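Here the structure is laid out as structure tokens; the discussion comes afterwards.
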Amino acid sequence: MSGWPITYPHYIPATSSFIEMMRGATKAIEQGAAVKPGETVVISTDTNKYRIAEALAAAAMVAGGIPVIVTILPPGAHGAQVPDPVVEACGAADVFFLPTSYSQTHTDARIKAIKNGARGATMCDITEDALCTGAILADYEECDRLGRKLGAIMDRSTEMRLTTPAGTDIKGIIKGRPVQYETGLFRNKGEFAAFPNSEVNISPVEGSAEGVIVADVRVMSVGVTRTAPIKLRVKDGLVCGIEGGPGADDLRSILEGFKDSTAFNLAEFAIGLNPCARMYATNLEDLGKLGCAHCGIGSNYAIGGKIKAPCHIDAMFKDVTIYFDGKPVLDKGNLLV
């Protein structure tokens, strides 16, 4: 359609029944956040995701919370900063949810909320059916237990390495970096998740990441890469080569379009924890599926690093083996320790 302003074709399924969506919304409010009567629940959303925001608001109200919905137009890039009123609203919340087309995880809105003692969840590219089936059916208590085991090992390790049969072999120094527990439980002040995703992640020290990433699941802002994987070459902590056909061309164009070298920073190593997540269904489920992992490109200031870039784009891959200080710890979702 000539003149259509939306350049990123979000996956939007047929409208889900609001009643069906309420099961997942209630799980997010009650099991994930444990919202208490009288707590202010700020829901930052955009015009693509408003029904999801309404479901979360309804569940918050039933729990006795005070829901507030703040809505903007989709900003056009994952990790793009949001307007100041959104930042201030999240900063004044007891609990926040960010059901959006583009990730607000690596923005001042999420940072200020956590700094002020709020707890909450980002829900990047969430779809209505993701509140009804798939990852949302997980036992998040069990996901959290696995994440805590891995995080404890991660916290005392110097180097992390990720490999896959498809060719991923990437490593970096993680010593001294804080572990991020985005397991799906965020009941205490300062905790957050990426609901219904479940993951544990860390930011490698700037300049230390080296190797190759073969994204054979999905790349944010590009789409599913199942039949056309994208290969990223990383040297001295920066993405220095992108190969693999039209999807690679798209990613290269997106990163170069920021005209900012920090957009190429290798920002994150993350491990999926959720066995119920559907492969290739939604961005959040691919990010958090047990047996999958991802590397973030761009900003890492929100997860313990030093780089505030104009984006944060995740490249996801499957059948991963995770090594800490040369020892295999997780192989295709199976814990080895």
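The values are calculated or read from the model by the stated rules, or taken from the named source; none is laboratory data. Predicted model, so just to flag it, every value in this text is computed and none were measured. Because the Cβ atoms are built from the backbone with ideal geometry, glycine has one as well, and the counts that use them run over all protein chains shown.
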query: Quick one: is PRO85 under 30 Å from LEU255 (Cβ atoms) and more than 22 Å from the chain's Cα centre (by Cα)?
result: yes
- prompt: Here are some residues: ARG177, ARG148, ARG187. Which one is touching a Ser or Thr at 6+ places or on another chain (Cβ under 8 Å), surrounded by fewer than 18 Cβ atoms within 10 Å (Cβ to Cβ) and not in a strand (DSSP E or B)?
  reply: ARG148
message: Any residue at all in the stretch 47-70 that's under 22 Å from the mean Cα position of the chain (by Cα), touching a residue at least 40 places away in the same chain (Cβ under 8 Å), in the same structural domain as ALA92 (by TED's automatic domain parsing) and assigned to a strand (DSSP E or B)?
response: no
task: Can you tell me which residue among MET154, MET160 is part of a strand (DSSP E or B), in the same structural domain as ASN201 (by TED's automatic domain parsing) and among the hydrophobic types (A, V, I, L, M, F, W, C)?
output: MET160
- prompt: Any idea which residue in the stretch 213-237 is farthest from the chain's Cα centre (by Cα), counting only those that are surrounded by fewer than 18 Cβ atoms within 10 Å (Cβ to Cβ) and assigned to a strand (DSSP E or B)?
  reply: LYS235
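Let's see how each residue does on (1) within 26 Å of LYS149 (Cβ to Cβ); (2) of a type outside the set (S, T, N, Q); (3) under 13 Å from the mean Cα position of the chain (by Cα):
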site	(1), (2), (3)
ALA270	yes, yes, yes
MET279	yes, yes, no
LEU284	yes, yes, yes
CYS295	yes, yes, yes
ALA302	yes, yes, yes
MET316	yes, yes, yes
LYS327	yes, yes, no
ASN334	yes, no, no
- line: Only unsatisfied item for ALA80, checking (1) in contact with a Ser or Thr (Cβ under 6 Å, 6 or more places away or on another chain); (2) of a type in the set (A, V, I, L, M, F, W, C); (3) closer than 26 Å to GLU256 by Cα, is (1)
query: Could we say that GLY172 is within 29 Å of ALA25 (Cα to Cα) and either in contact with a helix residue (DSSP H, G or I) (Cβ under 8 Å, 6 or more places away or on another chain) or in contact (Cβ under 8 Å) with a residue 12 or more places away in the chain (or both) here?
result: no
